[in-house]
Amino acid sequence: MKEPVDQYDLKRLLRAAQEGLAHAYAPYSGFPVGAAVLTVAGEVFAGCNVENAAYPLGLCAEAAALGSMVSTVGHRRLRAALVLIARPARAWPCGGCRQRLQEFMEAEAMVYAAGFDLGPIGVPFAQLLPRAFGGHDLARPTP
Ligand code: THU
């Protein structure tokens, strides 16, 4: 995962997240979120938050984008993800979504945050979830 995300791919991610955001269903929080993920093979998948009157059942935008990716092309390693909110601010993935991203991201994969009129800024995944729990932990032998 050494390849950096170039401007072209960053734009594709942002466009997909904008499409996701346009579909966001957030009548309860009033906080629409769009997300997009970029696989190492170059595919882009979008998602949006999908809330529910039974609040805890609501789905985060990142979870929707990952669900789309897995159900369309199967498991894939991610090169980047982007979260877009409709306000003049940026928001980073919630704790649960950091763990969801961990499943498909290596330490150097990039996570971007963008907002209304605010371009994306990115950090390596390891900065968002250092010392993450993952499949490697489950694979350790029992004593
Ligand atoms: N939300 C996301 O979609 N992604 C995050 O990483 C943070 C929170 C959604 C969940 C809920 O629909 C709304 O934002 C307010 O929490």
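Measuring max minus min along each principal axis, the C-alpha atoms of the chain give extents of 50, 39, 28 Å (largest first).
Take the chain and mark each of the chymotrypsin sites (Phe, Trp or Tyr not before Pro) that is in a DSSP loop with at most 13 other Cβ atoms within 10 Å; the longest unmarked stretch, sites excluded, is 29-115.
For region 1-58, the ratio of Cα radius of gyration to the globular rule of thumb 2.2 N^0.38 Å stands at 1.34. The amide H of GLU106, built 1.01 Å from its N in the peptide plane, has LEU78 as neighbours under 5 Å, considering only residues 5 or more places off or on other chains.
For region 1-129, relative contact order (Cα pairs under 8 Å, six or more residues apart, normalised by length) works out to 22 percent.
When a 1.4 Å probe is rolled over the protein heavy atoms, the share of accessible surface on region 58-119 that falls to carbon and sulfur comes to 56 percent. For region 81-143, the set of trypsin sites (Lys or Arg not before Pro) satisfying both a DSSP loop assignment and a count of at most 12 other C-beta atoms within 10 Å is given as ARG131. Computed with a 1.4 Å probe over protein heavy atoms only, the accessible surface of region 23-137 comes to 48 Å² per residue.
The values are calculated or read from the model by the stated rules, or taken from the named source; none is laboratory data. In this text, all values refer to a predicted model and were calculated from it rather than measured experimentally. For neighbour counting, all protein chains shown are included, and Cβ atoms are generated from backbone atoms with ideal geometry for every residue, glycine included. The area values use the complete protein model at the heavy-atom level, side chains included, leaving out ligands, DNA and RNA. Shrake-Rupley method; radii C 1.70, N 1.55, O 1.52, S 1.80 Å.
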